[in-house]
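Let me begin by presenting the structure, written as structure tokens, before commenting on it.
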Amino acid sequence: MDLEILNSAVRISTPLVFAAMGGLLTYQAGMLNIALDGFMIVAAFTAVATAYFTGSLELALLAAILASMLLAALMAMFNIKFRAHIFIAGTAVTFLAYGLTALLLKGVLGQDGVFTSDRIPTFPVIHLPVIENIPIIGEIFSGHTILVYVAYVFVPIVAWTLYQTKWGLQLRVVGEAPEAAAAAGINVDWVKFQAMLLSGLFCGFAGAYLSLAYVSLFANKMTNERGLIALAAIFFARGNPYLTAMVAILFGTATALSVRLPQVTGLAPQLLQLIPYVVTVLALVLVGWRTTRARSRHSAWRFDIG
Amino acid sequence: MSFETTGSGPGMAVLNFCRPAVQPIVAVLIATIVGGLLVLALGENPIEVYGLLISGSLVGVPNLLVTLQMMTPLLFTGLAVAISFRAGLWNIGAEGQMLVGALFAGVVGYAFPMPWFLHLPLAILAGFVGGGLWSAIPALLRVYLGVNELVVCLMLNPIALLLTGFFATHVFKAPGPTNKLPDIAPSAALPTFSVYSQVNAGIFIALACCIIFAIINVRTVRGFEWKIMGLSPRFAYYGGINVPRRAIWVMILSGGIAGLAGAEQVLGQYGAFYDNFSPGYGFDGIAVAMLANFNPIGVIVAAFLFGALNGGSGVLQMMTGLSKYLVQVLQFITVLVLAAQFSWDWLILRLFPEPPPKSPDAVEPVNATPTEA
Amino acid sequence: MPDASVPVVSMRNIVKRFGNFTAIHSASMDIRRGEIHALVGENGAGKSTLMNILYGLLPRTDGDIDLRGEPVRFANPKEAIALGIGMVHQHFKLAPSFTVAENIILGSEPLKSFGRLDRIRAERETKAISERFGLNLDPRAIIATLPVGLRQRVEILKALYREAEILILDEPTAVLTPQETRELFATMRSLADSGHSIIFITHKLREVLAVSDRISVMRQGRILSTIDNKNVTAQEIASLMVGRSVLLRVAKNEAKPTGELLLDVKGLTALGERGETAVDNLSLSVSAGEIVGLAGVQGNGQDELVECIAGLRRPVGGQVQICGTPLRPNPRGNREAGLAYIPADRGDLGLSLESSIWENMTVGHLGKFKAGPFFAATRAKQRAAELIARFDVRGATPDKAAGSLSGGNQQKVQIARELTRDARLIIAEQPSQGVDIGAIEAIHRTLVEMRDAGRAVFVVSADLDEVLSISDRVLVIYRGRIVANLKAADTDAEEVGRYMGGLDEEPASVGALPKETQHVV
Amino acid sequence: PKVAMITSESGLGDKSFNDMMVEGMERAKTELGADYVVIQPRAISEFQSALARAAGQGFDIIIGSSFDMIEPMKAVAAAFPDQKFGLVDVGPEPLGPNVVSTVTKDWEGSFLVGYIAAKTTKTGTIGFVGGKDIPIIHRFFIGYYYGAMMANPDIKVIETYTGSFTDPAGGKEFTLSNINQGADINFAVAGPTSVGVIEAAKSTGTFAIGVDSNQNYLAPGSVLTSMVKRVDTQAFDMIKSVSDNTFAGNQVKMYGLAEDGVSAAMDDNNKGLISDAVLAEVDTLKAKLLSGEIVVPNYFELKAGQAEMGTPPIATPPSIATATTLAQ
Ligand SMILES: Nc1ncnc2c1ncn2[C@@H]1O[C@H](COP(=O)(O)OP(=O)(O)OP(=O)(O)O)[C@@H](O)[C@H]1O
Ligand SMILES: Nc1ncnc2c1ncn2[C@@H]1O[C@H](COP(=O)(O)OP(=O)(O)OP(=O)(O)O)[C@@H](O)[C@H]1O
Ligand SMILES: [Mg+2]
Ligand SMILES: [Mg+2]
């Protein structure tokens, strides 16, 4: 039972980790990308539609990523080239994506609300050869779909890219001091554009995971604001990839827990569903309390928070 | 940050003067064209679709009343978002604040019957207080613990939804199959005017709020202070503005106004607090505020646009069988295009290409002779 | 190898317009190989703009630029950098939370396989290049922790790392101490000797005369003339720049301090950003009717000291009285007690660059425009227009954004705002930083007038010339303590410089000031 | 006839009564030559304006669904006495001289599938996955519970609510949790979330029970049966009454097992999943129900703390037995 919770936590956290990695890159590039949900829903839809028509998971994943990146490119174009406020662009793109996928669901797949079919292939579950037999670890980490492993492997890759590569350095400088980057001859807009595209890439994975691995169907608004949770994780961790992933997992674990608590406690389900959100707020308060106490003694007054 | 202005020449002054109006119009035009292409791609006649959207929202008293009904909550939430964003506080929690305000108004509305001249104001005030209390959480966390209000608001929205849902389904649940509080007493109801729509006296409160805040923004010290702290809080603080206190109050005011949206819904439109009643007025409010460029009068215009699109949506569905999602798509194409800065500059650059160089000896230096104040 | 007779850079008839405002009318200028070429001019003359055009940061509206005889048109700095142009900006362009090495290699990073950064090589090369040019720097230090002088070096090394042959330095000495300035000049000279060409913008004519080979004078968007540094005096350059004769020294009478302590600091202790003790049990006082200068190398606690007095930082110990009122924990309280404060950090603290000039001039004066809750915006704009004229803020209208002003004119905006406050204590940090000589004269004269009207003026500056010329009394801060309390008339840059370097700690002047010295002028 | 259908705020694609009603519309279109449009309000507050604006447009009948439409429809029906209205799947009170309404006895259908589940489970534990913890869903649960207890008094029934009707992924997660606790059959009453419940069954080799419409086809072999609510018939009957001029207002029609308003769906997709023995028992059960020997409890008639329910009496589930107030 306990281990099953963790196994489920790994599953629940996966789309959050994907989306968080995507949002993290834009965060590091100085853009607050609130369109993660929009990217994800488009990817989820494209994945299901492609899988349904071609029967190929690979094509479906590819198409999902492309669709998500296309939307990201649109968003980037409006934000970077046409200087739309990232917040409006993000809101608009998200609701546009919700509406468009709902329209296309009817137009392309002939269904309202939900689409599911036997013809949609699903990502198979992988049993990790050696790990599977280790008592506790095996139960938690084995028996997920390939995308779950991909998500967690992305975390060190993103960290490595951010902190060990030229591109990562430039991206972080663009986020922190765009004038410095521009003066050093870096094409700030282009770097931001790339970050946004990659954000689309990761959300493409997240969407495909949601609709072809976690479940195998498409439903309107099926991202259920997971992108916003991912965003909160990023803020919480101030853009550190490992910490961000950990917060996403914390949220996933709290969710897994809240799924299993009702039978135990007999409490109203609404109160149990509060747990992940409340845990996140409490964690924020705790961190804020600790840093503020230290800062107020030796820092000049600042209101904008870093 | 770029301080460059584009375009120049004699026509510039005139165009700059009407810029606030022209920019949205150009954007709506572009959005209409893009949306029209989309409609065409769906195999419908864009002229018919837009015709129905317009006639369904503006032509005839019933349609107009529906539009007004739909714009009312957006007036409140748009204004709420606008005043907080203008002061540099990212209150994206209007949705949650509206829900809590609605719950407060709903409870006061049914649980404490009294004469209407007391009851109605009290119930409205309860909505304000509910929203204000809910927004005080991110405000206090921001000011005293440096926690980003954006994240807190993101978390508080679902928390508000779940908590108000808990109250509606467990604590104050009205008997019957629906998840709602008991109906409010007639003494707490905002009067409605017609069977065609639930537009009610709340719209006057909303418009009054917009006008009051428009005046506050440009005519009062407080409004000036909010603007400065929105652009540069450190400078504002240095200059003697009590930024932490102002920040808390702006957030509370903003939340309170979002709470009024809830009160208007409960007291005017539903007659009781219903679980999960909002189709996302709080989020639409962000778009409305952005379109309005945080200007309270602009909020009225933007809310009207949104209300009209939503109102026209019903007629469009009724007449053509097209989906409500089409309207949503058209709506947010408009928002996206409106948000872009290109429409105006693009137009200007085409109308007024850069003028030839001015004669080189234009200005003579003034002598540097500052004297004591 | 370029032809030696051809200038390295030749700019001809450059025009730059921002919207319908013409910043550069028609500027022409040649730079020779191996020369140090000073570019001087009033605030807003267009110096930074011209250089930004050369560096590819701004597109030009018209005109030609030849680089080593070839016409060029840079779309961005990257292309300029590739052709050997480097620029150190008036406002530093560094990423504060990154290391020295990272900042230096940014944009031309040494790589290992797979696009990996070669950190070791980056640090080695940073070390090597800083030693080659005699600029000592720890490659791993985080920029935010470095004093301004060292940041300046990072900026220069950044350009040199890219093998810049033409180096543009935009007001590099504005924030440096005399020692640092001297070191910088030595570096510039050795660079020039090794074939680099240096364009050097400054408002300090002494520096121009000391280091440059040729001098170009800019006025109202035009290069008036380029002269040889052989037979020219500071006075001549000044007149050329401003179009009239300027007083290069402040003319002032003896101070008559009343003894009423308008600023009284006793045993103040405060921590710095990293929790270190930045101000260490410090005491000082400024009396009505005197100008006290605080000299010190950047990073010795003067920032923290002033922030405490302004209410922007909470002290951990000690007492401060402003005009007889105990210190309040926020700027508002201290302003009400009678403080006017001109911060050095105008971009972040003293101005809101995105706000209009009238708004910038109105903050801190809200009481004047208030009728109940209402606000007289029209009156505030009128007043701003008056101040713009009175303080000669060039290129300004009340509705223009403060950020569109040149550096020196931004400074004038905040000076105008603060000096027109009804405040008895004036704290001015680097009041003439980036301000041209004509305006310096005016600012200093205003400060002296303030003193004579019975106010207390406390000038905090790294610019020894400024401190010595304006102050009646000079305090030197070193490692968070006052190490010297000198009568300005009896001391000189050498002596003060020694105290600033901490070489000569004088136990007697630490802590409370001896009563006698406060009154001698 | 011209028909306007106004959905509840969850709109089309709910895999629930809105979709079922459209099926009824389709049937009316083919059989009666009806013309219909579907209007999807975004919020409860838009019901009244949607009804009122449709009332002026020459529709022969305007059909809505959901309890939340009762008040708006009463108001609009009073304002437009010549317009015919229908309201599907609501309570037993008549709504006006120009309104017909219907009640679906979904608790009787839930009773049947509860019985089947309890007879089919191999683990002795079955599950219930509701969309929200709300009375209308409790009504399904009580029927299900009653049926299960009648089949096997020792059965364990796990009651869960996902909190959302639109989160299939959440539905799957909750179902997996139930399965992990031994529930090898889960009854999904959660709109689109139900599809996630069926998914979970498919991926674990257990069974799900569909709801509202026949969902057996969604995962043949994994959906034991579906508790079908024939709101399509109800809508069709309303349209038919208009077309053959038998419409009479102030009427509430009941659609229970007797009226074929609910059923446990049997088709090719679930052939052989339920043993013939169980099917035979279900038939006798139905007969008893029709004869009144068995009366399945309606949640809305239960009282808090009530110890037993239905005929023959069966102990109430803990959520009722221990409750101090019932969220009705
Ligand atoms: N934005 C606000 N909205 C509502 N009340 C506010 C707001 N800001 C402050 N207040 C309240 O108004 C009262 C006066 O506040 P405060 O002393 O800061 O203003 P003030 O003295 O008018 O400011 P100033 O002197 O700078 O004009 C306080 O009780 C404070 O809580
Ligand atoms: N982005 C801009 N938009 C509008 N005007 C600008 C912009 N940048 C500079 N200007 C104007 O161009 C003129 C020249 O500015 P510049 O910064 O080149 O002056 P400067 O000679 O460097 O002065 P300082 O010595 O004060 O630094 C000023 O009047 C300034 O206001
Ligand atoms: Mg300059
Ligand atoms: Mg006051």
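Since every read-out is calculated from the coordinates, none of them should be taken as a lab result. All values derive from a computational prediction rather than experimental measurement. Methodologically, a virtual Cβ is constructed for each residue, glycine included, from the backbone with ideal geometry; neighbour enumeration extends over all protein chains shown.
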Next item on the list: For segment D:210-289, run through the trypsin sites (Lys or Arg not before Pro) and keep only the ones in DSSP coil with at most 13 other Cβ atoms within 10 Å of their Cβ.
Entry: D:LYS271
Margin query: Between segment D:210-259 and segment A:190-231, how far is it from one alpha carbon centroid to the other, in angstrom?
Written below: 38 Å
Check: Which of these, D:THR123, D:THR225, D:THR166, has the largest mean-square fluctuation under a Gaussian network model of chain D (Cα springs below 10 Å)?
Finding: D:THR123
Next item on the list: For chain C, give the magnitude of the charge dipole about the Cα centre (Cβ charges: +1 Lys/Arg, -1 Asp/Glu; no others), in debye to the nearest 20.
Entry: 1320 debye
Margin query: I'd like the distance between the alpha-carbon centres of segment C:135-187 and segment A:40-119, rounded to an integer number of Å.
Written below: 50 Å
Check: Which loop-located trypsin sites (Lys or Arg not before Pro) does segment C:451-500 contain, where loop means any DSSP state but H, G, I, E or B and the Cβ has at most 15 other Cβ atoms within 10 Å?
Finding: none
Margin query: 5 Å is the cut-off here: which amide hydrogens, built 1.01 Å from N in the peptide plane, fall below it relative to D:LYS105, excluding neighbours closer than 5 in sequence?
Written below: D:TYR255, D:GLY256
Next item on the list: Kindly flag which residue pairs out of D:LYS132/D:LYS172; B:LYS324/D:LYS84; A:LYS81/A:LYS192 have an alpha-carbon separation exceeding 21 Å in this structure.
Entry: B:LYS324/D:LYS84
Check: Fewest first, what order do B:TRP226, A:TRP301, A:TRP160, B:TRP134 take by the number of other Cβ atoms within 10 Å?
Finding: A:TRP160, A:TRP301, B:TRP226, B:TRP134
Notebook entry, point to check: Can you give the relative contact order of segment B:73-303 as a percent, counting alpha carbon pairs under 8 Å and 6+ residues apart?
Noted result: 44 percent
Notebook entry, point to check: How much FRET efficiency would the formula 1/(1 + (r/R0)^6) give for C:LYS266 and C:ASP345, where r is the Cβ-Cβ distance and R0 is 25 Å, rounded to 0.05?
Noted result: 0.40
Checklist line | Rel. contact order, % - alpha carbon contacts under 8 angstrom, at least six apart, segment C:351-422 | finding: 45 percent
Notebook entry, point to check: Which residues in segment A:192-214 have a backbone N closer than 13 Å to a point placed 7 Å from the Cα of A:VAL125 along the Cα-to-Cβ line?
Noted result: A:214
Notebook entry, point to check: Among rounded, prolate and oblate, which fits chain C when a ≥ b ≥ c are the square roots of the eigenvalues of its C-alpha gyration tensor, a/c under 1.5 means rounded, and a/b larger than b/c means prolate?
Noted result: prolate
Note to self: When a/c reaches 1.5 or more, the comparison of a/b and b/c decides; with that in mind, is segment B:44-172 rounded, prolate or oblate per its Cα gyration tensor?
What the structure shows: oblate
Next item on the list: Express the relative contact order of segment D:41-113 as a whole percentage, based on alpha carbon pairs under 8 Å and six or more residues apart in sequence.
Entry: 25 percent
Next item on the list: Check the straight Cα-Cα distances from C:LYS47 and name the aspartates and glutamates below 15 Å, setting aside those fewer than 8 residues away within the same chain.
Entry: C:ASP30, C:ASP170, C:GLU171, C:ASP436
Note to self: So if the hydrodynamic radius of chain D is defined as the Kirkwood radius over C-alpha pairs, what does Stokes-Einstein give as its diffusion coefficient at 10 °C and 1.306 mPa s, in µm² per second?
What the structure shows: 79 µm²/s
Note to self: What percent of all Cα-Cα pairs in segment A:3-225 falls into each 10 Å bin, going from 0 up to the bin containing the maximum distance?
What the structure shows: 9, 32, 32, 20, 7, 1
Next item on the list: List, in order, the whole-Hz ³J(HN,Hα) value for each residue of segment A:96-105 obtained from phi through the Karplus relation with A = 6.51, B = -1.76, C = 1.60 and θ = phi - 60°; use x for Gly and Pro.
Entry: 4, 5, 4, x, 5, 5, 5, 5, 5, 3
Margin query: Which residue, B:ILE257, C:HIS444, B:GLY88, has the largest displacement toward the positive end of the dipole of the protein assembly as shown when charges sit on each Cβ (Lys, Arg +1; Asp, Glu -1)?
Written below: C:HIS444
Note to self: Please give the charge dipole size of segment C:351-422, origin at the Cα centre, charges +1 on K and R Cβ atoms and -1 on D and E Cβ atoms. Round to the nearest 20 debye.
What the structure shows: 180 debye
Note to self: Cut-off 10 angstrom, C-alpha nodes, Gaussian network model of chain A. Which of A:ALA44, A:ALA219, A:ALA208 fluctuates the most?
What the structure shows: A:ALA219
Margin query: Looking at chain D as a GNM with Cα springs under 10 Å, which of D:VAL129, D:VAL76, D:VAL88 has the largest mean-square fluctuation?
Written below: D:VAL76
Margin query: Apply the Karplus curve 6.51 cos²θ - 1.76 cosθ + 1.60, θ = phi - 60°, to the phi angles in segment C:6-13 and return the couplings in whole Hz, x for Gly and Pro.
Written below: 7, x, 5, 10, 9, 10, 10, 6
Check: Which order, highest average first, do B:304-314, D:59-69 follow once you tally other Cβ atoms within 10 Å for each residue and take the mean per peptide?
Finding: B:304-314, D:59-69
Item checked: By average C-beta atoms within 10 angstrom, highest first, the peptides D:179-190, C:90-101 -> D:179-190, C:90-101
Note to self: Give the separation of the Cα centroids, segment B:34-65 to segment C:465-494, in Å.
What the structure shows: 77 Å
Check: Quick one: if you stick a label point 7 Å off each Cα along the C-beta vector at A:LEU3 and A:LEU243, how many nm between them?
Finding: 3.3 nm
Item checked: FRET E, pair C:LYS230, C:ALA141, Förster distance 30 Å, beta-carbon r, rounded to 0.05 -> 0.15
Margin query: Averaged across C:24-35, how many Cβ atoms of other chains sit within 10 Å of each residue's Cβ atom?
Written below: 1
Margin query: Give me the inter-chain shielding for B:158-169: mean count of other chain Cβ atoms within 10 Å, whole number please.
Written below: 6
Item checked: Cα gyration tensor shape for segment A:90-193, rounded if a/c is under 1.5, else prolate or oblate -> oblate
Check: Simple spin-label model, 7 Å along Cα-to-Cβ: C:ASN76 to C:GLN179 in nm?
Finding: 4.1 nm
Notebook entry, point to check: Along the charge dipole of the protein assembly as shown, which of D:VAL37, B:PHE117, D:GLY256 sits closest to the positive end, that is, farthest toward it, with unit charges on the beta carbon of Lys, Arg, Asp and Glu (+1, +1, -1, -1)?
Noted result: B:PHE117
Next item on the list: Could you list which residues have their amide H under 5 Å from that of C:VAL459, counting only those 5 or more apart in sequence or on another chain, with H placed in the peptide plane?
Entry: C:VAL292, C:GLY293, C:LEU294, C:ALA428
Note to self: Please give the charge dipole size of segment D:126-266, origin at the Cα centre, charges +1 on K and R Cβ atoms and -1 on D and E Cβ atoms. Round to the nearest 20 debye.
What the structure shows: 40 debye
Check: Once amide H atoms are built 1.01 Å from N in the peptide plane, which residues 5 or more positions from D:GLY130, or in another chain, come under 5 Å H to H?
Finding: D:THR160, D:TYR161, D:THR162, D:VAL189
Notebook entry, point to check: Considering only Cα-Cα distances, which of the following residue pairs are longer than 32 Å: D:LYS156/D:LYS303; C:LYS16/C:LYS204; B:LYS180/D:LYS253; B:LYS227/C:LYS256?
Noted result: B:LYS227/C:LYS256
Checklist line | Per-residue average of Cβ from other chains inside 10 Å of A:94-105 | finding: 6
Check: Between C:ASP64 and D:LEU290, what is the label-to-label distance in nm when each label sits 7 Å out along the Cα-to-Cβ direction?
Finding: 10.4 nm
Next item on the list: Name the residue farthest towards the positive end of the dipole of the protein assembly as shown from the options D:THR7, B:ALA41, A:ALA233, assuming +1 on Cβ of Lys and Arg, -1 on Cβ of Asp and Glu, about the Cα centre.
Entry: A:ALA233
Margin query: From the phi angles alone, apply the Karplus equation (6.51, -1.76, 1.60; θ = phi - 60°) to segment B:59-71 and give each ³J(HN,Hα) in whole Hz, x where the residue is Gly or Pro.
Written below: 9, x, 4, x, 5, 4, 5, 5, 4, 5, 4, 6, 7
